[in-house]
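Asks: First, the structure itself, so that you have it in front of you.
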Amino acid sequence: MTRRRVTIAEAVALSPSRYLNDPGGLAAVLDAIDALAADPRPAGSVHRGDYHRLRAGRYRVLSEITGDLITATRVGRLREG
């Protein structure tokens with residue numbers, strides 16, 4: 001199995017304050033991003049244009065795949081309702 005390189009975009013890396021009250025959410029997001037190295041298109045992910053959307057707990061991770069490089073470009077919280 002090929003292990004790919006995963007990077008985190010600057011906008012994602014600079015926004016840790018959203019997780020201050022949600023350490024479980026942070027763990028879910030980081031685990032999901034790490035898992036992309038082994039499987040960049042896991043079951044349950046959705047392809048939208050140039051991006052892949054993956055749910056990680058109460059968050060959504062958008063990633064872009066370019067060859068063997070996967071970049072987590074955005075993390076957003078899902079709306080409750």
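The values are calculated or read from the model by the stated rules, or taken from the named source; none is laboratory data. The model shown is predicted, which means the values in this text are computed figures rather than measured ones. FYI the Cβ positions are ideal-geometry reconstructions off the backbone, even for glycines, and counts take in every protein chain you see. These area figures cover heavy atoms from the full protein model, side chains too; ligands, DNA and RNA do not enter into them. Shrake-Rupley method; radii C 1.70, N 1.55, O 1.52, S 1.80 Å.
Asks: Using a 10 Å cut-off on Cβ atoms, rank the peptides 29-41, 53-65 from the highest mean neighbour count down. Please list the in-between numbers first.
Replies: On the way: 29-41: 16.2, 53-65: 18.2.
Answer by packing, highest mean first, reads 53-65, 29-41.
Asks: Summarise the accessible area of the chain (1.4 Å probe, protein heavy atoms) by the percent that is carbon and sulfur. Write out the running numbers ahead of the final one.
Replies: Working: 2730 of 5490 Å².
Here carbon and sulfur together make up 50 percent of the probe-accessible area.
Asks: Let me ask you something else. Find the accessible area per residue for the chain; the probe is 1.4 Å, ligands and nucleic acids are left out, and the unit is Å². Spell out each step's value before the answer.
Replies: Working: 5490 Å² over 81 residues.
Result: 68 Å² of accessible area for each residue.
Asks: What value does the chain have for Rg/Rh, both radii from Cα atoms and Rh as Kirkwood defines it? Write out the running numbers ahead of the final one.
Replies: Details: Rg = 12.2 Å, Rh = 12.8 Å.
Result for the chain is an Rg/Rh of 0.95.
Asks: What spacing in nm lies between the two simple spin-label points modelled at Leu14 and Arg53, each 7 Å away from Cα in the Cβ direction?
Replies: 2.5
Asks: Angle between the Cα long axis of helix 23-35 and the longest principal axis of the chain, 0 to 90 degrees, nearest 10?
Replies: With rounding to tens, the tilt is 0 degrees.
Asks: Also, I was wondering about something else. Once the piece of chain linking Arg79 and Asp34 is laid out straight, how much longer is it, given 0.36 nm per residue of separation minus the C-alpha distance between them? Kindly include the intermediate steps, with their values, before the conclusion.
Replies: Working: separation 45, 0.36 × 45 = 16.20 nm, distance 2.37 nm.
Gain on extension, Arg79 to Asp34, equals 13.8 nm.
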